[in-house]
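Structure first, commentary second.
Just so it is clear, none of the values below were taken in a lab; they were calculated from the coordinates. All of these numbers come straight from a predicted model, not from anything done at the bench. All Cβ positions, even for glycine, are placed from backbone atoms using ideal geometry, and neighbour counts span all protein chains on display.
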Amino acid sequence: MDVSLNIHPPCKKVSFDNKQFATVRSKEINQEDDVKSQGLHFRAYRCPVCSKYHLTKMEMALARWINDIAYRNQLREEAFVRREVAYYNRRNRIRE
């Protein structure tokens, strides 16, 4: 298999031309003893800057929290509503 590794100027990271190559490399890295011993897990993701694939050890939930503003706002709104309902119930002595 011919894996093409590039250092792409806009993002200055090691990049892969497609997800398959990036996934294969992430699996190889995940099998290394020092990575296993630290409890790390690498995965491939598509870069919005260069449209190529890179590797990251960031969890999907955290990546979504950082990159998806609508998702972040939704979670904040749900937390706000829960706090307001709890406050209203306490203030009016309502038991659930």
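Once you list every other residue whose beta carbon is under 13 Å from the beta carbon of LYS36, what net charge do they have if Lys and Arg are +1 and Asp and Glu are -1? Computed value for this residue: -2. With the charge dipole of the chain set up from +1 on Lys and Arg Cβ and -1 on Asp and Glu Cβ about the Cα centre, the Cα lying farthest toward the positive end among the listed residues SER51, ALA86, PHE16 is that of ALA86. Each of ALA61 and LEU40 was given a label point 7 Å from its Cα along the Cα-to-Cβ line. The distance between the two points is 2.2 nm.
Ranked for footprinting exposure by Cβ neighbours inside 10 Å, fewest first, TYR88, TYR53 give TYR88, TYR53. With loop defined by DSSP as not H, G, I, E or B, and exposure as at most 10 other Cβ atoms within 10 Å, which is the longest segment of the chain clear of exposed trypsin sites (Lys or Arg not before Pro)? Here the longest segment lacking exposed loop sites spans 13-92. Estimated from helices alone, the mean residue ellipticity of the chain at 222 nm is -15500 deg cm²/dmol (sum of -39500 (n - 2.57) over DSSP H runs with n ≥ 4, per residue). Counted by neighbouring Cβ atoms within 10 Å, the residues ASP17, ASP34 run from fewest to most as ASP34, ASP17. Between ASN30 and TYR71, the C-beta separation translates, for a Förster distance of 25 Å, into a calculated FRET efficiency of about 0.40.
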